1. Treat the count of other C-beta atoms within 10 Å as a stand-in for reagent exposure and order Leu288, Leu345, Leu374 from fewest to most.
2. Calculate the spin-label point distance for His402 paired with Arg215, positioning each point 7 Å from the Cα along the beta-carbon direction, and give it in nanometres.
3. As a footprinting exposure proxy, order Glu342, Glu94 by other Cβ within 10 Å, with the fewest listed first.
4. Going by how many other Cβ atoms sit within 10 Å of their own, how do Trp144, Trp489 line up, fewest first?
5. Within region 47-89, list the residues whose amide N lies under 18 Å from a label point set 7 Å along Cα→Cβ of Asn486.
6. To the nearest µm²/s, what D does Stokes-Einstein give for region 443-498 at 10 °C and 1.306 mPa s, using the Kirkwood radius over alpha carbon pairs as Rh?
7. Measure off 7 Å from each Cα along the Cα-to-Cβ vector at Glu474 and Thr343, then give the distance between these two points in nanometres to one decimal.
8. Looking at the square roots a ≥ b ≥ c of the eigenvalues of the Cα gyration tensor of region 375-507, which shape do they give, rounded for a/c under 1.5, prolate if a/b is larger than b/c, or oblate?
Amino acid sequence: MSMTTQAVRSYEVRITTGNRRGASTTAAVYVRLIGKYANTQRIEVPGEFTRDTTVVAVIKTPHPLGRIRIVEVGHDNVGDLGVGWYLESIELIELKDSASTHRPQEYNHHQQHRAAHGTMPAHQIPNLQEGDVVRTLMFPVRRWLGKSDIGVGNYPTSVQLRVGIADSMTDPTSFMLPGAQLIKGTKAEPFFIKCGAAAFPHPEKVRDGERGVVRPDIGHAGEDAYSIATVRTPDRNALEKLGKLRAGSLVKSKLPTTVTISVCDGVYQWRDKGIDAGEWSRYLSRMLLYQGQHHVRDPDAQDSIQSERWTQSYKDLGLLPPLVPLAHPSAMLKAAEERIRETELLGSSTACVASLHGLDNMMFVACLGDSGVLVYRKSMGVIFRTPEQEHAFGYPFQLGHHDVSDHASDALVSHCRITSGDVVIVASDGLFDNLFESQISKILDKHMDTRNAQLCATELASEAYANSVSERMETPYSQAAGEEFNLVWCGGKKDDISVVVAFIVDK
């Protein structure tokens, strides 16, 4: 039988593991390509999938797959420590054909067919020339596959990424779990926000007689600080005069409030140099409180923030922009950073800012460092959580007076659609290092009926404090440290703990 020359299709796949605690995996990672005419088998990708690294491999298929529709990536969930994997992104580059031979009757493009494949170590892959590339597909994933090694959940070990279909999973500015978004076009029902806070100093500071300061609008404990800025939205008559009221959308004289929550965690190590980083975090928190109370916007916000981050985010979710222009958390953080750099304060601090909008069912977030935001929905569990930003284990991103400090522009900016019944937590790493998501969820469930935010925040901080002083308790920190240093680690992490809880209610 005669032989016919047929093109061999090659794809370069670049798989990036996220830069967060517990992100690496020891399990075998695979990729599967699903095209218009044919699929590949699950192709194991060689390499070490460690934190903040990219593994590159080449997949060759002797039969054309047609236009790629789905890229499936996952792992076999087999291994000792470090099986869970945080996948940051995957990039698929379709290369130009190379010649090969095969028998034409071995392939019928009208039938599903599993293509042959091969892989190549990254160091053997030549640099791509501009003429080598046919098409590039980029998927920002940002999600866990399998059981997280730092206790943030147990998720499916694989994910299918569909070409040309955007959802929360491939949205680079959202950390919601797939399916957690409200359906686009769903009517936004106004809600109200009930907040409470708790602040516990480091156990050694408690032993020395130090206590946390908790007030309705601002508080602190050790180097931690928080603020809660509540703004009453203009009443109906004022909005009508401004011509900004949507016809028939509101029937009450008072609109739901907007609440901006911030948590700042001063870096303790400055004490070794005689510097109290708590002064930096407390000043930063006061500046963020002022920003939230007065809706102060950056002079360029109308162009850079309002248009790009407010308006586009609302359009993406099928909503109209907010009635009243408000400062985006990233603009608040930028303004606060500029103010504190004008002072002579020394030190540094992480910062996390979340703005909750009762009228538009939206939350916008800007986080720098390892403080974070979590959203819990009783019917689904944790639906949203920001990842920590670290240069290395225990070295978070931070605003500071020193030259190598980070900036507000480095913050992760995200958004989440929330609704009545949700619970929002903004907290320092003292909470998330010492309580698993399952433990946090259990405490939240206890308070869903009474919705006593103050009592709930206090119980969360108390449980985290108890775990932090334990030498035997398994905690998210002990799991992350065990994987990072490849040893058995037990107990919690002694730290300041600040927690702000916001219950979303319909009246």
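Bear in mind that the values in this text are calculations on the coordinates, not laboratory data. This one's a predicted model, so the numbers in the text were calculated from it and none came from an experiment. Cβ: placed from backbone, ideal geometry, glycine included. Neighbour counts: every protein chain shown.
1. Details: Leu288 30, Leu345 19, Leu374 22.
Ascending number of Cβ neighbours within 10 Å: Leu345, Leu374, Leu288.
2. That separation, rounded to one decimal, is 3.1 nm.
3. Numbers: Glu342 8, Glu94 19.
Ordered from fewest to most neighbouring Cβ atoms within 10 Å, Glu342, Glu94 come out as Glu342, Glu94.
4. Values: Trp144 27, Trp489 16.
Listed from fewest to most nearby Cβ atoms, that is Trp489, Trp144.
5. 47-53, 79-84
6. Values: Rh = 12.5 Å.
So the translational diffusion coefficient is about 127 µm²/s.
7. The two pseudo-label positions are separated by 4.3 nm.
8. Working: a/c = 2.02, a/b = 1.26, b/c = 1.59.
Judged from the Cα gyration tensor, region 375-507 comes out oblate (a/c at least 1.5, b/c at or above a/b).
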